[in-house]
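The values are calculated or read from the model by the stated rules, or taken from the named source; none is laboratory data. Source: prediction; values computed, not measured. Every residue, glycine among them, receives a Cβ derived from its backbone with ideal geometry; neighbour counts consider all protein chains shown. Calculation scope for accessible area: heavy atoms of the full protein, side chains included, ligands and nucleic acids excluded. Shrake-Rupley method; radii C 1.70, N 1.55, O 1.52, S 1.80 Å.
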Amino acid sequence: MATRVLQRVSTGLKQTQNRLQASGQVTVVVRGLSAIREDSWFKSLFVRKVDPRKDAHSHLLAKKEDNNLYKVQFHNVKPECLEEYNKLCEDVLPSIHADPEYPCELVGTWNTWYGEQDQAVHLWRYRGGYPALTEVMNKLRQNKAFMNYRNERGKMLLSRRNQLLLEFSFWNEPVPRSGPNIYELRSYQLRPGTMIEWGNY
């Protein structure tokens, strides 16, 4: 709207200048809008400068990266192998959790009831963030029992995926509870730039 009005004013001034020059009466100097400097008062009416944020919203809301890092593993198991898979995990995963050489903890392991069927979910906590995760992964590659577990597990899976997660600063750490328990695993897809607002809410 403002641009159209300014274009009309500029066009009217040019037409007036052309008529006056043709009649030989007066010479008019018209300065076009394109000549307006970037720091002029006119531009400041329409352009609002916003300083870019220094940190991502996820970093502003999360605890420090060297505190805790979480890994959620989703394993889609062949339906006929679910019981055998659970037994295999029960034999191997707690031993990694209990070993002080590995800076990680098995917070919980579940089978899903709703959503993806025949799915197992494992939640790991790495104390020390990404360096702890790297240390554990390197040590597990040297662990023969774990590598045998991976080979056996691979025969039972249809697919698998992992997610790495940081804690929100306003929530406490998850602690194991005596079971059996039912948990809801919920995800939100937020509009860009609304994570702080969502966190405050």
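For beta carbons closer than 9 Å, sequence separation of 6+ or different chains, a first residue in segment 73-92 that is assigned to a strand (DSSP E or B) and modelled with pLDDT of 95 or more and a second that is of a type in the set (Gly, Ala, Ser) and open to solvent by 20 Å² or more (accessible area, probe 1.4 Å), the qualifying pairs are Phe74/Ser159; His75/Ser159; Asn76/Ser159.
If I ask for residues that are in a loop (DSSP other than H, G, I, E, B), among the charged types (D, E, K, R), in contact (Cβ under 8 Å) with a residue 40 or more places away in the chain and open to solvent by 60 Å² or more (accessible area, probe 1.4 Å), which ones from segment 134-185 would you list? So that I can check it myself, show each step before the final result.
Kept after step one, since they are in a loop (DSSP other than H, G, I, E, B), are these residues of segment 134-185: 142-143, 167, 169-185.
Applying the additional criterion that residues be among the charged types (D, E, K, R) yields 167, 173, 177, 184.
Within this subset, residues satisfying the condition of being in contact (Cβ under 8 Å) with a residue 40 or more places away in the chain are 167, 173.
The answer is Glu173, and nothing else.
Could you identify the single residue in Gln142, Gln163 that is farther than 14 Å from Asn68 by Cβ and in contact with a strand residue (DSSP E or B) (Cβ under 8 Å, 6 or more places away or on another chain)? Going through Gln142, Gln163 in turn, the sole match is Gln163. Here Asn200 passes the criteria (1) more than 14 Å from the chain's Cα centre (by Cα); (2) open to solvent by 100 Å² or more (accessible area, probe 1.4 Å); (3) within 30 Å of Cys89 (Cβ to Cβ) except the one numbered (3). Within segment 88-117, being more than 18 Å from Phe146 (Cβ to Cβ), open to solvent by less than 50 Å² (accessible area, probe 1.4 Å) and in contact with an Asp or Glu (Cβ under 9 Å, 6 or more places away or on another chain) holds for Val107, Thr112.
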